[in-house]
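Report on one structure; see the data block that follows.
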Amino acid sequence: MELKLKKPLAFFDLETTGINISADRIVEISILKVLPNAEEQVYTKRINPLMPIPAESSMFHGIYDEDIIDAPTFQAISQEVADFIGDADLAGYNSNKFDIPMLMEEFLRSGADFSLENRVFVDVQNIFHQMEQRTLKAAYKFYCNESLENAHSAEADVRATYEVLKAQLTKYEGAVYEDKHGKQSVPVVNDVEALSDFTNMTKPVDFAGRIVYNEDGVEVINFGKHKGRPVTEVFDVEPSYYAWMQNGDFPLYTKKCLEIIWNRHRSAKKAAKSTEPIHAAEDKKQAKKEFQKQENKSQATAITNDMLASLKNKFG
C-alpha cells in the first residue's frame, strides 16, 4: 500500500559509536525521503566521530576507524543534513527512543538550524510492538492456534505456557538463528540446558538485571553511571557504592548477590595483603642466602690462591 502523504516523510537510520545519547557519536546516517508524489530521495554519508569506535560497535555495524578517517565530521555536514530533511516529518525503527534524540544531540552540538517543531514522528517499531503483542494470550494463539480461556488464571496460564513451549520446539526445529555478531546457531532444541542458555542471553547475576555477566564471565554493573564496569572495580574506586545499593530500593536478591561479590572481593584482597609480608620475608631470606653463597665462593677462591702461592714458595 502506498503512503498517503500531505508533506514529505523522511525515514532515517543512524549507525553510532554506541548507545549513550549524550556521549556517543554518529558514524553513518542514511535518509530516505518520500515525497507526496511517491518520489524517493536518498542521502547517505559516513561521518568521522572524532573518537575511537569501540570494537563491539564496529562488529555490529561493520564500520571501523580506518573506514571513516577521511570522512567529514558532523559539524561539517550538519546544515547539509538539516537542509536535506527540510520540513519533512520523521520516521524510523526505534527512532523515538534513539535515532531522533541522537540526531538532535548532534544538531545542537554543531549549532545547525534544525527544529522538531511542526513535525510528526512515526516509529515503526512501536506499531510492531503494539499490534503484535508479546503476551501469553498472543503466544498461545500464534503457536497453538487456540484462544486462551481464563487468561490470568494461574493454572490456565501455566498450562498454556507448557503448551506454547512444546509448540515452539516443533515450529523451530532446525531453525537457524543469527545473533547480532552474525554468528549462526540452532538454539531451540529439545534440551533444557540449551533452552536455558538461549533464554538467558543477557546472563543476569541477580535476575533483575542490575548485575550481569559480561562476555568474559565477569560480574558487571548494568545500570547508571557505572554501567558495564566490573562490580569489584566499582568497589575499589567507590567503596560507598556498596552501601548505597544495600540501602537503596533494590530487590533483596540483588542485594544478596552484591553481598556475595563484596565478601568474596574483600576476602581476596585480605588474602593478597596478608601474603605480602611472607613474600617479602622469603625474598629477603633468599637474597641473604645468595649473598652468603657468593661470599663463601669468594673466600674459597682466596684460600685456594693462598695455598697455591705457599706451595709454590715451598717447592718451587
Quiz item: Hey, if you put +1 on the Cβ of every Lys and Arg and -1 on every Asp and Glu Cβ in the chain, which of 129, 224, 41 ends up farthest toward the positive end of that dipole?
Solution: 224
Quiz item: Using the scaling law 2.2 N^0.38 Å as the reference, what is the normalised Cα Rg of the chain?
Solution: 1.68
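Which GluC sites (Glu not before Pro) does the stretch 69-131 hold that lie in a coil by DSSP with at most 13 other beta carbons within 10 Å? Write out the running numbers ahead of the final one.
Values: sites: 80, 105, 106, 117; in loops: 117.
Here the sparse-neighbourhood loop sites are 117.
Nothing charged except the Cβ atoms of Lys and Arg (+1) and of Asp and Glu (-1): what's the magnitude of the dipole of the stretch 60-143 about its Cα centre? Round to the nearest 20 debye.
Working: 6 positive and 15 negative charges, 182 e Å.
The calculation lands at about 880 debye.
Can you give the Kirkwood hydrodynamic radius for the stretch 46-133, in Å, rounded to one decimal and based on Cα pairs? Show your work: numbers first, answer last.
Numbers: mean 1/r = 0.0674 Å⁻¹.
The answer is 14.8 Å.
Efficiency by 1/(1 + (r/R0)^6): what FRET value for residue 97 and residue 32, r their Cβ-Cβ distance, R0 = 22 Å, to the nearest 0.05? Walk me through the intermediate numbers first.
Working: r = 20 Å, r/R0 = 0.90.
With R0 = 22 Å, the Cβ-Cβ based efficiency is 0.65.
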Quiz item: In what order, largest first, do 260, 26 sit by accessible area if the probe radius is 1.4 Å?
Solution: 260, 26
Quiz prompt | Share antiparallel - DSSP beta bridges, the chain, percent rounded to 5 | solution = 75
Self-check item: Check: the chain dipole with +1 on Lys, Arg Cβ and -1 on Asp, Glu Cβ, in debye
Solution: 2060
Practice problem: Divide by every residue of the chain the summed helix terms, -39500 (n - 2.57) for each DSSP H run of at least 4, and state the resulting mean residue ellipticity at 222 nm, rounded to the nearest 500 deg cm²/dmol. | Solution: -16000 deg cm²/dmol
Exercise. Restricting to the stretch 1-159, compute how many DSSP beta bridges are antiparallel as a %, nearest 5.
Key: 70
Exercise. Heads up, I need the accessible area for residue 216: 1.4 angstrom probe, whole protein in place, Å², nearest 10.
Key: 130
Quiz item: Measuring from label point to label point, each 7 Å out along Cα→Cβ, what is the residue 179 to residue 61 span in nm?
Solution: 2.2
Quiz item: Given N residues in the stretch 1-100, what is Rg(Cα) / (2.2 N^0.38 Å)?
Solution: 1.15
Exercise. Considering the convex hull of the alpha carbon atoms of the stretch 125-254, report its projected area averaged over all viewing directions, in nm², one decimal.
Key: 11.1
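From the square roots a ≥ b ≥ c of the eigenvalues of the alpha-carbon gyration tensor of the stretch 60-190, which class results: rounded (a/c under 1.5), prolate (a/b over b/c), or oblate? It would help to have the intermediate numbers written out before the result.
Numbers: a/c = 4.36, a/b = 1.95, b/c = 2.23.
Here the stretch 60-190 falls in the oblate category.
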Quiz item: In cubic angstrom, how much convex hull volume per residue do the alpha carbon atoms of the stretch 193-279 span?
Solution: 123
Practice problem: With a point put 7 Å past each Cα toward its Cβ, work out how far residue 199 is from residue 163 in nm, to one decimal. | Solution: 1.7
Quiz item: With Cβ to Cβ distances under 10 Å as the rule, what net charge do the other residues near residue 88 carry (K, R +1; D, E -1)?
Solution: +1
Quiz item: Tell me, in nm to one decimal, what length is gained between residue 236 and residue 1 on full extension, where the rule is 0.36 nm per residue of separation less the Cα-Cα distance?
Solution: 78.8 nm
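Taking 0.36 nm per residue of sequence separation and subtracting the Cα-Cα distance, how much length would be gained by fully extending the chain between residue 113 and residue 153, in nm to one decimal? The partial results should precede the final answer.
Details: separation 40, 0.36 × 40 = 14.40 nm, distance 5.51 nm.
Taking residue 113 through residue 153 to full extension adds about 8.9 nm, to one decimal.
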Quiz item: Roughly speaking, what is the stretch gain from residue 226 to residue 267, that is 0.36 nm per residue apart minus the C-alpha to C-alpha distance, in nm to one decimal?
Solution: 12.5 nm
Quiz prompt | Dipole of the chain, positive direction: furthest Cα of 144, 208, 84, with charges on the beta-carbon | solution = 208
Quiz prompt | Accessible area of residue 121 in the full protein assembly, 1.4 Å probe (Å², nearest 10) | solution = 80
Quiz item: How many nm is it between the label spots at residue 19 and residue 244, if each spot is 7 Å from the Cα in line with the beta carbon?
Solution: 2.2
Practice problem: Please go through the residue pairs 171/255; 227/269; 33/183; 33/171 and name each one whose alpha carbons sit more than 29 Å apart in this structure. | Solution: 171/255; 33/183; 33/171
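Where does the stretch 59-102 land on Rg(C-alpha)/(2.2 N^0.38 Å)?
Numbers: Rg = 13.3 Å, N = 44, 2.2 N^0.38 = 9.3 Å.
Normalised by 2.2 N^0.38 Å, the Cα Rg of the stretch 59-102 equals 1.44.
The values are calculated or read from the model by the stated rules, or taken from the named source; none is laboratory data. For clarity, every value in this text was computed on a predicted model and none was experimentally measured. Glycine also receives a Cβ, built like all others from the backbone with ideal geometry; neighbour counts cover every protein chain displayed. Note: areas computed on protein heavy atoms with side chains; ligands, DNA, RNA excluded. Shrake-Rupley method; radii C 1.70, N 1.55, O 1.52, S 1.80 Å.
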